[in-house]
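Just below is one structure, and these are the notes that go with it.
The values are calculated or read from the model by the stated rules, or taken from the named source; none is laboratory data. Just so we're clear, the structure is a prediction, and the values are computed from it rather than from any experiment. Here the Cβ positions follow ideal geometry from the backbone for every residue, glycine too, while neighbour counts run over all protein chains shown. Only protein heavy atoms, including side chains, enter the accessible area calculation; ligands, DNA and RNA are left aside. Shrake-Rupley method; radii C 1.70, N 1.55, O 1.52, S 1.80 Å.
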Amino acid sequence: MSYDTDNIFARILRGEIPCHRVYEDADTLAFMDIMPKAPGHTLVIPRASAEDIFSAPPEALAATIRTTQRIAAAIRKAFDPPGLMIAQLNGLGAGQTVFHLHFHVIPRYSGVDFDMHGGPKVDSAMLSAHAARIRAAL
C-alpha cells in the first residue's frame with residue numbers, strides 16, 4: 001500500500017480538518033481522539049508521511065516516541081489514572097484504520113471495559129477541555 005496523502009491525519013496536518021491540539025513541534029502533532037476510549041485519550045503523529053512503523057524514517061519515529069512519552073506524562077499528571085496504555089497498530093490485520101503512523105495514549109481505569117476501535121464521537125467542548133488540561137500539565 002502506498003501512502004494516501006488524503007488520509008484524515010494528513011488532512012489534519014495540512015489544516016484542512018480541525019482538531020483539538022494538545023502539543024506540536026517541528027516533527028510531531030498531538031491531538032485529542034474524537035472517539036476517545038477514556039477521558040484524555042490523545043493521538044500522537046509524526047509530520048512525516050508514513051503509513052506505519054515500517055515505513056517511518058527512523059528520525060521521525062524517534063521524534064514521535066519522544067512526544068508520546070511527553071504526552072503520556074502530561075496525561076498522567078492531568079487525569080491521574082491508575083494505568084496508561086500506549087498503542088500503535090500496523091496494518092489491517094492489527095486493526096489499523098488510519099494509515100498514517102500514530103500512537104494512542106489512553107488513560108486506563110480498573111473495571112472499565114476496553115475496545116480499541118469504534119464508539120461514539122464525543123462533544124467538542126469536552127475534547128477542548130481535556131486538551132486544555134493536558135496542555136496545562138505539559
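Numerical summary
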| item | result |
| --- | --- |
| Which numbered condition Ala62 misses (of (1) farther than 17 Å from Ile45 by Cα; (2) hydrophobic (A, V, I, L, M, F, W, C); (3) modelled with pLDDT of 95 or more) | (1) |
| Segment 79-95, residues that are at pLDDT 95 or above and touching a Leu at 6+ places or on another chain (Cβ under 9 Å) | Gln88, Asn90 |
| Unique residue being open to solvent by 20 Å² or more (accessible area, probe 1.4 Å), more than 10 Å from the chain's Cα centre (by Cα), of a type in the set (Phe, Trp, Tyr) and closer than 17 Å to Arg135 by Cβ when the list is Phe54, Phe79, Phe99, Phe114 | Phe79 |
| Qualifying positions in segment 52-76 - among the β-branched types (Val, Ile, Thr) and part of a loop (DSSP other than H, G, I, E, B) | Ile53 |
| Selection count where residues are closer than 21 Å to Ala62 by Cβ and either in contact with a Phe, Trp or Tyr (Cβ under 9 Å, 6 or more places away or on another chain) or in contact (Cβ under 8 Å) with a residue 40 or more places away in the chain (or both), scope segment 9-30 | 9 |
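Matching residues to (1) touching a helix residue (DSSP H, G or I) at 6+ places or on another chain (Cβ under 7 Å); (2) open to solvent by 20 Å² or more (accessible area, probe 1.4 Å); (3) in a loop (DSSP other than H, G, I, E, B):
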{"position": "Ile12", "(1), (2), (3)": "no, no, no"}
{"position": "Glu16", "(1), (2), (3)": "no, yes, yes"}
{"position": "Cys19", "(1), (2), (3)": "yes, yes, yes"}
{"position": "Tyr23", "(1), (2), (3)": "yes, yes, no"}
{"position": "Ala26", "(1), (2), (3)": "no, yes, yes"}
{"position": "Leu29", "(1), (2), (3)": "yes, no, no"}
{"position": "Lys37", "(1), (2), (3)": "no, yes, yes"}
{"position": "Leu43", "(1), (2), (3)": "no, no, no"}
{"position": "Ala50", "(1), (2), (3)": "yes, no, yes"}
